[in-house]
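Remarks on the structure that follows.
The values are calculated or read from the model by the stated rules, or taken from the named source; none is laboratory data. Note that this is a predicted model, so its numbers are computed, not measured. Quick reminder, even Gly has a Cβ in these numbers, built from the backbone with ideal geometry, and neighbours come from all protein chains shown.
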Amino acid sequence: AKSSGRNQFCFYQASAGQQNADELKLEQALREALKHQQLQLHYQPKFALASNHIVGFEALVRWQHPQLGQVSPGRFIPLAEKLGLISTLGEQVLQQVCQQQQQWQHLALPVSVNISALQLADADFVSRLQHIVQQAGIAPGLLELELTESCLIHEQAEQTLNQLTQLKALGFKLSIDDFGTGYSSLSYLRRLPIDTLKIDQSFVQDLPGNISACQIASAIIAMAKALGLDVIAEGIEHQQQLDFLLQAGCDKGQGYLVSAPRPAQDFTKALSAENY
Ligand code: C2E
Ligand code: CA
Ligand code: CA
Ligand code: CA
């Protein structure tokens, strides 16, 4: 029993060491990727539920590493946050989105960008964003910033509110991502200068079979309407989910049912054929 215990201990040590080595490798690879601007973007259409027409896009960052393969943002975004690299990463994303918007300018479709809480907390965020957009000559109204509730609910709530007010005054669109999974109080929500609530995909997934998911989705839609906000559902994979959302009064969605996130050029052709 003693020797097997020792073996287990050794095994544990080795695997923890391996884990650290992997983490370190990923860390170095991420620094390299940022230095050489190797991150790319995919775009997922947002569509009108009633007509299937594209009404905008969400930009989602992608990292294809020559040795490590495709690394998911669920893995490298938290790493970038931990390493203090999220503002650099976020600026590269914003720059690419602006370049894409220059190419898509005739479409006049908003593209949304995910903004990490730490990125928003950067005191320079607003002025840097403004600079990037001005350099590219993009109307701020063509950019939508997706913020999670955790971005908004913290000790510096007043400072955040201030920043959002500035962004709104500059013409940027603001939306709350993954809505329903955080703890925004109604009274706080009412004070935020936001345009859109995004119903989290965890609720959408369980439509229409799960009663509480149906009730939550319906309540978010009703609340958005009562507050005069737009509402969009994410993660729509099945027609029955779309049907439920449509009859509950939601008019926009995103999800594999219509399209997964894809490289921009995959849409450029389809959009020019669509008569925009
Ligand atoms: P998110 O903002 O909630 O993005 C939605 C995620 O759901 C994306 O995963 C998208 O590819 C995926 N998705 C879209 N449609 C469907 C569907 O029908 N079914 C299912 N099951 N999934 C769907 P992805 O691209 O892996 O991104 C994961 C998260 O990483 C994002 O969640 C966002 O929080 C973060 N992220 C992605 N790009 C960026 C970025 O440029 N900056 C920052 N700060 N975060 C980003
Ligand atoms: Ca998002
Ligand atoms: Ca989301
Ligand atoms: Ca999410």
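Per-structure values
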| quantity | calculated |
| --- | --- |
| Residue ranges of strands (runs of 3 or more DSSP E) in segment 14-95 with at least 2 members closer than 30 Å to Leu246 by Cβ | 40-48, 54-65 |
| Residue in segment 107-115 that is part of a loop (DSSP other than H, G, I, E, B) and touching an Asp or Glu at 6+ places or on another chain (Cβ under 6 Å) present | yes |
| Among residues of segment 233-246, those that are away from ligand 4 (no atom under 15 Å from the Cβ) and closer than 19 Å to Thr196 by Cα, counted | 3 |
| Residue within segment 67-86 that is touching a Ser or Thr at 6+ places or on another chain (Cβ under 8 Å), under 30 Å from Leu271 (Cβ atoms) and surrounded by 15 or more Cβ atoms within 10 Å (Cβ to Cβ) present | yes |
| Residue in segment 231-254 that is free of Cβ contacts under 8 Å to residues at least 24 places away in the same chain and within 15 Å of ligand 1 (Cβ to nearest atom) present | yes |
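Quick grid of which residues meet (1) modelled with pLDDT under 95; (2) within 12 Å of ligand 3 (Cβ to nearest atom):
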site	(1), (2)
Thr160	yes, no
Thr181	yes, yes
Val204	no, yes
Ile211	no, no
